[in-house]
Amino acid sequence: MPAAHAELRASTEVAAIDRAAATLRGRTLDAVVHASTTSGYVLGHRDEAAAVARLSRRFGVPAVASCAAAVAALRTHGIGRVQLVHPPWFDDEFDALGDAYFRSQGFDAVVTRAVGLPDDPARVRPQHVIDWVEHHVEIQGEAIYLAGNGFRAAGAVGELELRTGRLVIEANQALLWAVLTATSAGWDVTGYGRLLRTSTSTT
């Protein structure tokens, strides 16, 4: 197993969860999030689900994880064909793992990597993402998933939906949606796409 994969797996194991719990001792939590798309890719959906269960048991609150949140969001909107847009710092192996993850969940997936965008996450701006995706939309796709929790793309979602006519899911946007759903919170969010525009409950 590559060292990077071992590190990603380790971030979901009991020892790592216990360390995280120690840093949050005494705080009241409503939910716990594991924000790592690549961890989900490396683990696969079964082990990712097991990691979510461990987090929920340890903290005693609902837990969500990146890839599972994206899958749930896509299924909620009845999506079958999805274009995965990976940031430029993902390599061929992560492209293949992402394809395998979503296909294992029943999606017809195609992976595109945003080559040409800044390779430094801190330098990526929403307009970079909007311009790149608009010119690389897969014709057959029903939705676009902007993968990678370090990919600063949430601000691109609303404009991309207008320009492409497709549902756009972004990694951190999907996590927020999953938390709000898991905690039965109502919400009123505009500017971040269809996923967050409709609340199924009120507070």
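Selection within the stretch 128-167: residues that are open to solvent by 60 Å² or more (accessible area, probe 1.4 Å) and assigned to a loop (DSSP other than H, G, I, E, B). The member of this set that is farthest from Trp89 (Cα to Cα) is Gly165.
Of all residue pairs spaced 6 or more apart or on separate chains, none has beta-carbon atoms under 7 Å together with a first member in the stretch 46-67 that is within 20 Å of Trp177 (Cα to Cα) and open to solvent by 30 Å² or more (accessible area, probe 1.4 Å) and a second member that is of a type in the set (Lys, Arg) and not in a loop (DSSP other than H, G, I, E, B). Of the residues making up the stretch 35-87, those that are assigned to a loop (DSSP other than H, G, I, E, B) and within 29 Å of Pro118 (Cα to Cα) number 3. For the stretch 9-28, a residue qualifies if it is modelled with pLDDT of 70 or more and open to solvent by less than 70 Å² (accessible area, probe 1.4 Å), and the qualifying residues are Ala15, Ala16, Ile17, Asp18, Ala20, Ala21, Ala22, Leu24.
Residue-by-condition table, conditions (1) without any contact (Cβ under 8 Å) to a residue 40 or more places away in the chain; (2) not small (Gly, Ala, Ser):
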residue: Tyr145; (1), (2): no, yes
residue: Arg152; (1), (2): yes, yes
residue: Arg163; (1), (2): yes, yes
residue: Ala171; (1), (2): no, no
residue: Leu175; (1), (2): no, yes
residue: Leu180; (1), (2): yes, yes
residue: Asp188; (1), (2): yes, yes
residue: Leu195; (1), (2): no, yes
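In this structure, Tyr192 does not qualify as among the hydroxyl-bearing types (Ser, Thr, Tyr), buried (at least 20 other Cβ atoms within 10 Å of the Cβ) and either under 12 Å from Val85 (Cβ atoms) or out of contact with any helix residue (DSSP H, G or I) (no Cβ under 9 Å at 6 or more places or on another chain) (or both). Of the numbered conditions (1) among the small types (Gly, Ala, Ser); (2) open to solvent by 50 Å² or more (accessible area, probe 1.4 Å); (3) modelled with pLDDT of 90 or more, Gly80 fails exactly one; give the number of that condition. The one condition Gly80 does not meet is (2). Scanning the stretch 31-42 for residues that are among the aliphatic types (A, V, I, L, M) and either surrounded by fewer than 20 Cβ atoms within 10 Å (Cβ to Cβ) or in contact with a strand residue (DSSP E or B) (Cβ under 9 Å, 6 or more places away or on another chain) (or both) returns Ala31, Val32, Val33, Ala35. When Ala109 is tested against (1) part of a helix (DSSP H, G or I); (2) touching a Phe, Trp or Tyr at 6+ places or on another chain (Cβ under 9 Å); (3) within 26 Å of Ala182 (Cβ to Cβ), exactly one condition is not met: (1). Out of all the residues in the stretch 109-127, which are exposed (fewer than 14 other Cβ atoms within 10 Å of the Cβ), touching a residue at least 24 places away in the same chain (Cβ under 8 Å) and of a type in the set (D, E, K, R)? Correct list: Asp119 only.
The values are calculated or read from the model by the stated rules, or taken from the named source; none is laboratory data. A quick note: this is a predicted structure, and the numbers were derived from the prediction, not measured. All Cβ positions, even for glycine, are placed from backbone atoms using ideal geometry, and neighbour counts span all protein chains on display. In case anyone asks, the SASA skips ligands and DNA or RNA and just uses the protein heavy atoms, side chains included. Shrake-Rupley method; radii C 1.70, N 1.55, O 1.52, S 1.80 Å.
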